[in-house]
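**Q** One structure follows; several queries about it will come next.
The values are calculated or read from the model by the stated rules, or taken from the named source; none is laboratory data. These numbers come from a predicted model, not from an experiment. Positions of Cβ are backbone-derived with ideal geometry, glycine not excepted, and every protein chain shown enters the neighbour counts. Remember, those area values only see protein heavy atoms, side chains included, never the ligands or the DNA or RNA. Shrake-Rupley method; radii C 1.70, N 1.55, O 1.52, S 1.80 Å.
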Amino acid sequence: MATKTAAQRRELAKQHYDAYIAECPTRQLLDRISDKWVSLVLAALAEGPLRYAELNRIIAGVSPKMLTQTLRGLERDGLVERRITAEVPVRVDYELTPLGHSLQPVMSAVKTWAEARMDDVIAARARYDGIGK
């Protein structure tokens, strides 16, 4: 079996998405969905539409700038929809799109795993840090 050149691998990535190839667009998507704020926003929106202020209150520690950037990125990728309702004051709600809902089981599983296994991770970190001393 012949080895593929970098150019051939790039061309193949265009035909078949392969996240191991640096130029593959799936890398950008993986970067987006692996962000901590993205996972928390998606988890919060799994319960249903929320206003910006509600998201900001639920997700402790996120700055307004980061929440706005996260929501815009998710909207751009088609995972979140922004709905504006003409009332005084204007009401803006965010909710998962069908594409966003399709990602939800994966994101929920990661969040659940992290919450359930945190004690194991803390113990592993303590063991590792003890070795380095």
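**Q** Could you grab me the full set of residues in region 69-120 that are basic (Lys, Arg), closer than 18 Å to ALA43 by Cα and assigned to a strand (DSSP E or B)?
**A** Passing the criteria: only ARG82.
**Q** Step by step: first the residues of region 45-62, then only those that are farther than 25 Å from GLN28 by Cα and in a loop (DSSP other than H, G, I, E, B), then the one that is modelled with the lowest pLDDT. Which residue is that?
**A** Top of the filtered list is GLU47.
**Q** For ALA2, indicate whether it is in a loop (DSSP other than H, G, I, E, B), open to solvent by less than 90 Å² (accessible area, probe 1.4 Å) and modelled with pLDDT under 85.
**A** Judged against the criteria, ALA2 is a match.
**Q** Another question about this same structure. Search region 15-37 for residues that are closer than 24 Å to ILE58 by Cβ and pair each with any residue that is of a type in the set (S, T, N, Q) and surrounded by 11 or more Cβ atoms within 10 Å (Cβ to Cβ) when their beta-carbon atoms are under 8 Å apart and the residues are at least 6 apart or on different chains.
**A** So the pair list comes out as ILE33/SER39; ASP35/THR70; TRP37/THR70.
**Q** Then there's this: State which residue is most open to solvent (accessible area, probe 1.4 Å) when the search covers only region 69-95 and only residues that are of a type in the set (S, T, N, Q) and modelled with pLDDT of 95 or more.
**A** For region 69-95, the residue satisfying everything is GLN69.
**Q** Which condition number does LYS65 fail, the rest of (1) open to solvent by 40 Å² or more (accessible area, probe 1.4 Å); (2) at pLDDT 95 or above; (3) within 27 Å of TRP113 (Cα to Cα); (4) not β-branched (Val, Ile, Thr) being met?
**A** Every condition holds for LYS65 apart from (3).
**Q** Quick one: LEU42 ticks every box in (1) open to solvent by 80 Å² or more (accessible area, probe 1.4 Å); (2) modelled with pLDDT of 85 or more bar one, so which box is it?
**A** Single failed check for LEU42: (1).
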